[in-house]
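So that we are looking at the same thing, I have put the structure below in structure tokens.
Nothing in this text is a laboratory measurement; each read-out follows from the coordinates by a stated rule. These figures come from a predicted structure and were not determined experimentally. Here the Cβ positions follow ideal geometry from the backbone for every residue, glycine too, while neighbour counts run over all protein chains shown.
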Amino acid sequence: MTADLHIHTTASDGLFTPASAAQASKAAGLSAAAVTDHDTTFNCAEFAARARAYGIKPVTGVEFSAYDGDVKVHMLGYGFNPANPALAQFCSMLCEGSFKRLSDIIIKLNKAGVRLTEEEALARRACDGSPVHAMHICRAAAEKGYAKSPFAFYEKYLMPGAAAFSGLCRPSPEEAIKAVNGAGGIAVLAHPGRIPLKKAELLKLISRLAGAGLGGIEAVYSTHTAEETEYFKEIAANFGLYVTGGSDAHFPGGNKAIGKPVFSPSEPLRQRLGI
């Protein structure tokens, strides 16, 4: 069995629709897949229906944009009940918070000489019920000529330490873990190789999160080196955590493709997720 447990759609910062994500998953020969949009499960039900039509087993997923201070520590959630009241309230709170963060960012951008409005950023959302994402702002700004690409704009203005960075209404990793676990799911540390911490600090963080209920580590990831993959598999084994994997694909033709790298879930993980 092969699976991709990290795919983004139009409900957050991706450009895949649920239909095109399912179609790409089928083309990649996947047996199971999960849409993991930021701070919302908006497209999970439609993706599940589309995936099943192709004979693909869907996994309910989400990626919470958590921060530990100014350090981005994203948390994935799998196999939870999206109708769980506490989880639904948590997602609603994060959605409302994204609008407050948007206002803060726009004020900071205007002070930095970037003439952008909230309406211009909101116009880049494909789903009215979804949170506002940094990429919506970046795409709007890049289209106005403030950078060569949305990501270039993000690096210049919105990443931690940049002029318009805003940490308003961001959950902690522990809060994300609690929300996922409380809804019957597995909380997983996303792409640990991208967390900007030294090895000792990262290990300390993982140990802390394991004590808070962390259930897995995304060791198999599109930008992890072979050495990083093996290292994080070893860390997962040491803490008794599941190993998960995913592409983090956001749009067709990008440098992260659905189904890459190849990930084969372990039998215990398959049983836990019902795949």
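Residue farthest toward the positive end of the dipole of the chain, with Cβ of Lys/Arg at +1 and Asp/Glu at -1: which of LEU189, ASN255, MET159?
Result: ASN255.
Can I ask one more? I'd like the Kirkwood hydrodynamic radius of segment 89-160, using the inverse of the mean 1/r over distinct C-alpha pairs, in Å.
On the way: mean 1/r = 0.0813 Å⁻¹.
Result for segment 89-160 stands at 12.3 Å.
Between beta-carbons, use under 15 Å as the cut-off and find the net charge around GLY213, counting Lys and Arg +1, Asp and Glu -1.
Details: positive: LYS178, ARG208, ARG272; negative: GLU174, GLU175.
Cβ neighbours under 15 Å give a net charge of +1.
Still on this model: Between segment 186-229 and segment 63-91, what's the alpha-carbon centroid distance in Å?
Value for the Cα centre distance between the two parts: 16 Å.
As an exercise, find the ratio Rg/Rh for the chain from alpha-carbon atoms, using the Kirkwood inverse-distance average for Rh. All intermediate terms of the calculation are to be shown ahead of the outcome.
Numbers: Rg = 17.8 Å, Rh = 18.7 Å.
Looking at the chain, the ratio lands at 0.95.
In addition: Can you check what the net charge comes to around PRO82, using other residues whose Cβ is under 13 Å from the Cβ of PRO82 (Lys, Arg +1; Asp, Glu -1)? Mind dumping the intermediate values first?
On the way: positive: none; negative: ASP37, ASP39, GLU46.
Around PRO82, the charge tally is -3.
For the Cα atoms of the chain, what angle does the longest principal axis make with the long axis of helix 18-27, in degrees from 0 to 90, nearest 10?
Between helix and principal axis, roughly 50 degrees.
Okay, moving on. Taking the Cβ of ASP68 as the centre, find all other residues whose Cβ is under 13 Å away and add up their charges (Lys, Arg: +1; Asp, Glu: -1). Please list the in-between numbers first.
Numbers: positive: LYS72, ARG170, LYS204, ARG208; negative: ASP70, GLU174, GLU175, GLU201.
Every neighbour counted, the sum reads 0.
For the chain, give the share of DSSP beta bridges that are antiparallel, in percent and rounded to the nearest 5; count only bridges with both residues there.
Working: 10 of 27 bridges.
Counting DSSP beta bridges with both partners in the chain, the antiparallel share is about 35 percent.
Compute the angle between helix 226-239 and the longest alpha-carbon principal axis of the chain, please, reported from 0 to 90 degrees and rounded to the nearest 10.
Here the helix axis deviates by roughly 70 degrees.
Among the listed pairs LYS108/LYS148; LYS26/LYS198; LYS111/LYS148; LYS144/LYS256; LYS100/LYS233; LYS57/LYS156, which are separated by more than 29 Å between their Cα atoms?
Working: LYS108/LYS148 20 Å; LYS26/LYS198 38 Å; LYS111/LYS148 21 Å; LYS144/LYS256 26 Å; LYS100/LYS233 38 Å; LYS57/LYS156 40 Å.
Violating the 29 Å limit, Cα to Cα: LYS26/LYS198; LYS100/LYS233; LYS57/LYS156.
Less than 16 Å apart at the alpha-carbon level, and either on another chain or at least 8 residues along: which aspartates and glutamates does that give for LYS178?
Straight-line reach from LYS178, under 16 Å: ASP39, GLU63, ASP68.
Right, something else. Rounded to the nearest 20 Debye, what is the dipole magnitude of the chain about its Cα centre when Lys and Arg each give +1 and Asp and Glu each give -1 at the C-beta? Walk me through the numbers before you get to the answer.
Numbers: 28 positive and 26 negative charges, 53 e Å.
Dipole of the chain, to the nearest 20 debye: 260 debye.
Still on this structure, please answer the following. Any idea what angle helix 173-182 forms with the longest principal axis of the chain, computed on alpha-carbon atoms, 0 to 90 degrees, nearest 10?
Helix 173-182 and the main axis of the chain meet at about 50 degrees.
Moving on. Counting each DSSP H run of 4 or more residues in the chain as -39500 (n - 2.57), what helix-only mean residue ellipticity at 222 nm follows after dividing by all residues, to the nearest 500 deg cm²/dmol? Before the final figure, lay out each step's value.
Values: 10 runs with 110 residues, N = 275.
So the helix-based figure for the chain works out to -12000 deg cm²/dmol.
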